[in-house]
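Novice: This is the structure, below, for whatever I ask next.
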Amino acid sequence: MNNKIKLIKVIHVAKRELGMDDDTYRAFLGSIPELEGATSSANLSIPKLKAVLEAMKKLGFKVRPNNKTKGKPHNFDHSAMPVMITKIEALLADMGLPWAYADSIANQMFGIERCAWIRTEKQLKAIIAALDNEHKKQCLKVGCEELMAALCESDRNQVIAQLPDKWDRNIRFMQSLIVYLQSRGV
């Protein structure tokens, strides 16, 4: 998502949190000198959008991080291992998971409460491997579900009835299921 769209989304959050209806919002935009009487943020440049956001902050709006970045370790910016940290962040983003998920892996694997407290390359590689494994499971599950959806209803119900518990957590099973479904001409 580009910066302009992000800024517009934040402005609309601010509008809602400040309790502005559409007329109040348009009047507010018109009162900002840099905007030359604009009544919508849609056609504003990035500097003008930033001016709108600054004016909204003066009215009491506070920018808060969204839930996707909530819990992101702040000390990673100064890490000696930025490539691995970036890989962890990318895997979490791909799967739509929060940083708390990586924290729970660090806790399960090493008894370290936060991923940010990991200091060895070996531990970070293990967390990346665990996340990569979860990513494979999610991708295989989507593949299985797409193939099952292509079956006629009676065949689909028959396959679903035969699935073992936690089938979607077992990589080998899902790989075999995909091969089976593809052999049926799906």
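Novice: Quick one: Lys72 ticks every box in (1) surrounded by 13 or more Cβ atoms within 10 Å (Cβ to Cβ); (2) assigned to a loop (DSSP other than H, G, I, E, B); (3) modelled with pLDDT of 80 or more except a single one, so which number is it?
Specialist: (3)
Novice: May I pose another question? Taking segment 97-131, which residues are assigned to a helix (DSSP H, G or I), over 25 Å from Ile171 (Cβ atoms) and either among the charged types (D, E, K, R) or open to solvent by less than 30 Å² (accessible area, probe 1.4 Å) (or both)?
Specialist: Of everything in segment 97-131, those that are assigned to a helix (DSSP H, G or I), over 25 Å from Ile171 (Cβ atoms) and either among the charged types (D, E, K, R) or open to solvent by less than 30 Å² (accessible area, probe 1.4 Å) (or both) turn out to be Ala116, Glu121.
Novice: Could you list all residues from segment 11-44 that are in contact with a helix residue (DSSP H, G or I) (Cβ under 8 Å, 6 or more places away or on another chain), closer than 30 Å to Ala93 by Cβ and modelled with pLDDT of 85 or more?
Specialist: Ile11, Ala14, Lys15, Leu18
Novice: Residues being assigned to a loop (DSSP other than H, G, I, E, B) and among the aliphatic types (A, V, I, L, M): count how many of those fall in segment 1-35.
Specialist: Of the residues in segment 1-35, 4 are assigned to a loop (DSSP other than H, G, I, E, B) and among the aliphatic types (A, V, I, L, M).
Novice: Mind counting the residues in segment 153-184 that are over 30 Å from Trp99 (Cβ atoms) and either of a type in the set (Ser, Thr, Tyr) or open to solvent by less than 70 Å² (accessible area, probe 1.4 Å) (or both)?
Specialist: 12
Novice: Going by the conditions given, is Asp94 open to solvent by less than 80 Å² (accessible area, probe 1.4 Å) and of a type in the set (Asp, Glu)? Can you show your working first?
Specialist: On the way: open to solvent by less than 80 Å² (accessible area, probe 1.4 Å): no; of a type in the set (Asp, Glu): yes.
No.
Novice: Using beta carbons and a limit of 9 Å, which pairs, at least six apart or on different chains, have the first residue in segment 154-181 and assigned to a helix (DSSP H, G or I) and the second one among the β-branched types (Val, Ile, Thr)?
Specialist: Cβ pairs passing all conditions: Asp155/Val186; Leu177/Val159; Tyr180/Val159; Leu181/Val159.
Novice: Let me ask something else about it. Out of Lys136, Lys141, report the one residue that is of a type in the set (Lys, Arg), under 19 Å from Gln108 (Cβ atoms) and surrounded by 12 or more Cβ atoms within 10 Å (Cβ to Cβ).
Specialist: Lys136
The values are calculated or read from the model by the stated rules, or taken from the named source; none is laboratory data. Because the structure is predicted, anything quoted here is derived from the model rather than measured. Here Cβ is always computed from backbone atoms with ideal geometry, including for glycine, and neighbour counts include all displayed protein chains. For the accessible areas, the whole protein counts, side chains as well, though only heavy atoms, and no ligand, DNA or RNA atoms are used. Shrake-Rupley method; radii C 1.70, N 1.55, O 1.52, S 1.80 Å.
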